[in-house]
C-alpha cells in the first residue's frame with residue numbers, strides 16, 4: 001500500500017526544499033563572487049565564510065530561542081480579514097528578529113575588525129530593530145494588530161535616520177552627495193537635497209521590507225538575495241560592509257531554517273524593520289542608491305500595491321463611506337494568495353524575481 005503525504009506534509013517538504021535550494025544557490029553565488037573578486041572564500045574578509053558561519057549560527061541559536069519565545073507566549077495575532085489559510089498560524093511565535101539580526105551583526109563587527117562604517121550601520125540596524133521590537137511588544141501586550149501608534153513609529157524612524165545622516169555628513173567624503181549613475185560616467189550632484197533623500201530612503205526601505213513580511217519565508221529569502229548581491233557589488237570599495245552584507249544575508253538564511261513554510265517563528269517588525277534599515281544604510285554609505293532601487297524591486301512593488309489600494313478605496317468612497325478595492329487584499333502577495341496562488345508559489349516566484357533583479361544589478365558593475 002503506497003504511503004501518501006498529507007497536504008501539510010507535502011507543504012513542509014516543499015518549504016524545506018525552497019529554503020534549502022536558496023541556501024545552496026546563495027552559497028555557490030558567494031563562492032563565485034569571491035573567485036571573481038580574487039578573494040579567498042575561507043578567510044573572514046570574503047562573502048562565503050561570513051555567510052556560512054552566520055547562517056549556521058543563526059539556525060543553531062534559533063533552536064534555543066524559539067522555545068523561549070513560545071514559553072513567553074509571543075504568539076502572533078492574525079488579521080481576521082486576511083487570507084483564511086493564515087488563521088491557523090495564530091499563536092506562532094513572533095519577534096524572531098531578536099536572535100538572527102544580533103547574531104549577524106556581531107559576526108560582521110568581529111570579522112571586519114570593528115570597522116567604523118560597519119559599527120555605524122550595525123547601530124542603525126539594531127536601532128530600527130528596537131523600533132520593531134517596541135511595535136511587536138505592544139501588539140502582544142494588547143493582543144491586537146495595533147502596536148505603537150503610526151506617528152510614534154514614524155517619528156522614531158525619522159529620528160534614528162537623522163542621527164545616522166548626521167554621522168554620515170561629518171564622517172564621509174563630500175562627494176557622497178553625488179549619486180553615481182550606472183552605464184554612464186556621470187554622477188548626479190544633489191548637494192543638500194541628498195540628506196532629505198537619505199532620510200526618506202532609510203524610512204521607506206524599512207517600511208517596504210516590513211510590508212513584504214507576510215508569508216512564510218518571503219521577506220527573509222528576498223532580503224537574503226538582495227543583501228548578498230549588494231555585498232558583491234560593493235566588495236571592491238567597501239570590504240567591511242561586504243562582510244556585513246554577507247553576514248546579514250547568512251542570518252536570513254539561518255532564520256529561514258525556522259521560518260520556511262510552515263513557519264515555526266515569524267521575524268516580526270523586529271526583524272523586518274532592521275533588515276530594511278540595513279539595506280538602506282549600506283547603500284547610502286557606498287553610493288549605491290541606484291543599485292538599491294533595483295534590488296528592492298519586490299519591496300517597491302509591494303509598497304506601491306498598498307498605496308494604490310488605499311488611494312483607490314478613498315477615491316471611490318460612496319455616501320455609505322465604503323469604497324472599492326483595486327486588489328483583493330494588499331500587499332500584493334496577499335492578493336495573489338486570494339486569487340488562488342499557494343504561499344509556496346508566491347515565495348518561489350518572488351525568489352526568482354529577486355534573483356533576476358540581482359543579476360541585472362550586478363550586470364551594471366564590473367568586478
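Given the criterion at pLDDT 95 or above and closer than 29 Å to residue 112 by Cα, identify the matching residue among 304, 289, 275.
After applying the criteria, what remains is 275.
Quick check on region 174-195. Is at least one of its residues crowded, with 20+ Cβ neighbours inside 10 Å and under 21 Å from the mean Cα position of the chain (by Cα)?
Among the residues of region 174-195, not one is crowded, with 20+ Cβ neighbours inside 10 Å and under 21 Å from the mean Cα position of the chain (by Cα), which makes the answer no.
Condition check: in a helix (DSSP H, G or I), surrounded by fewer than 24 Cβ atoms within 10 Å (Cβ to Cβ) and modelled with pLDDT of 95 or more. Does residue 257 satisfy that? Full working, then the answer.
Numbers: in a helix (DSSP H, G or I): yes; surrounded by fewer than 24 Cβ atoms within 10 Å (Cβ to Cβ): yes; modelled with pLDDT of 95 or more: yes.
Criteria met by residue 257.
Let's see how each residue does on (1) surrounded by fewer than 24 Cβ atoms within 10 Å (Cβ to Cβ); (2) under 23 Å from residue 158 (Cα atoms):
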| site | (1), (2) |
| --- | --- |
| 200 | yes, yes |
| 216 | no, no |
| 230 | no, no |
| 281 | no, yes |
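Working only within region 170-201, note down all residues that are within 18 Å of residue 238 (Cβ to Cβ), assigned to a helix (DSSP H, G or I) and out of contact with any strand residue (DSSP E or B) (no Cβ under 9 Å at 6 or more places or on another chain).
Those that are within 18 Å of residue 238 (Cβ to Cβ), assigned to a helix (DSSP H, G or I) and out of contact with any strand residue (DSSP E or B) (no Cβ under 9 Å at 6 or more places or on another chain): 171, 174, 176, 198, 201.
Which one of these does residue 109 not meet: (1) within 24 Å of residue 72 (Cα to Cα); (2) more than 16 Å from the chain's Cα centre (by Cα); (3) crowded, with 19+ Cβ neighbours inside 10 Å?
(1)
Can you say whether residue 221 is on the phi > 0 side of the Ramachandran plot and touching a helix residue (DSSP H, G or I) at 6+ places or on another chain (Cβ under 6 Å), as far as the supplied structure shows? Quick ask: steps written out before the conclusion?
Values: on the phi > 0 side of the Ramachandran plot: no; touching a helix residue (DSSP H, G or I) at 6+ places or on another chain (Cβ under 6 Å): yes.
So residue 221 does not fit the description; no.
Of the conditions (1) under 17 Å from the mean Cα position of the chain (by Cα); (2) modelled with pLDDT of 95 or more, residue 136 satisfies every one except a single condition; which number is it?
Condition not satisfied by residue 136: (2).
Do we find that residue 154 is modelled with pLDDT of 95 or more, more than 30 Å from residue 261 (Cα to Cα), under 21 Å from the mean Cα position of the chain (by Cα) and part of a helix (DSSP H, G or I) in this structure?
yes
Might you let me know whether region 299-311 holds any residue that is over 25 Å from residue 132 (Cα atoms) and crowded, with 16+ Cβ neighbours inside 10 Å?
no
Regarding residue 127, is this residue touching a residue at least 12 places away in the same chain (Cβ under 8 Å) and either in contact with a strand residue (DSSP E or B) (Cβ under 6 Å, 6 or more places away or on another chain) or surrounded by fewer than 24 Cβ atoms within 10 Å (Cβ to Cβ) (or both)?
yes
Given the structure, is residue 209 in contact with a helix residue (DSSP H, G or I) (Cβ under 6 Å, 6 or more places away or on another chain), outside any strand (DSSP E or B) and either in contact (Cβ under 8 Å) with a residue 12 or more places away in the chain or under 27 Å from residue 347 (Cβ atoms) (or both)?
yes
Quick one: which of 241, 228, 248 is modelled with pLDDT of 95 or more, under 11 Å from the mean Cα position of the chain (by Cα) and in a helix (DSSP H, G or I)?
The conditions single out 248.
Looking at residue 119 and the list (1) modelled with pLDDT of 95 or more; (2) surrounded by fewer than 16 Cβ atoms within 10 Å (Cβ to Cβ), which single condition is not satisfied?
Here residue 119 clears every test but (2).
What is the number of the single condition among (1) in contact (Cβ under 8 Å) with a residue 40 or more places away in the chain; (2) more than 13 Å from the chain's Cα centre (by Cα) that residue 336 does not meet?
Unmet for residue 336, out of (1) in contact (Cβ under 8 Å) with a residue 40 or more places away in the chain; (2) more than 13 Å from the chain's Cα centre (by Cα): (1).
Considering only residues that are modelled with pLDDT of 90 or more and exposed (fewer than 15 other Cβ atoms within 10 Å of the Cβ), which ones fall in region 57-90?
Result: 60, 63, 64, 67, 68.
The values are calculated or read from the model by the stated rules, or taken from the named source; none is laboratory data. Please read these numbers as outputs of a predicted model, since none were measured by experiment. For neighbour counting, all protein chains shown are included, and Cβ atoms are generated from backbone atoms with ideal geometry for every residue, glycine included.
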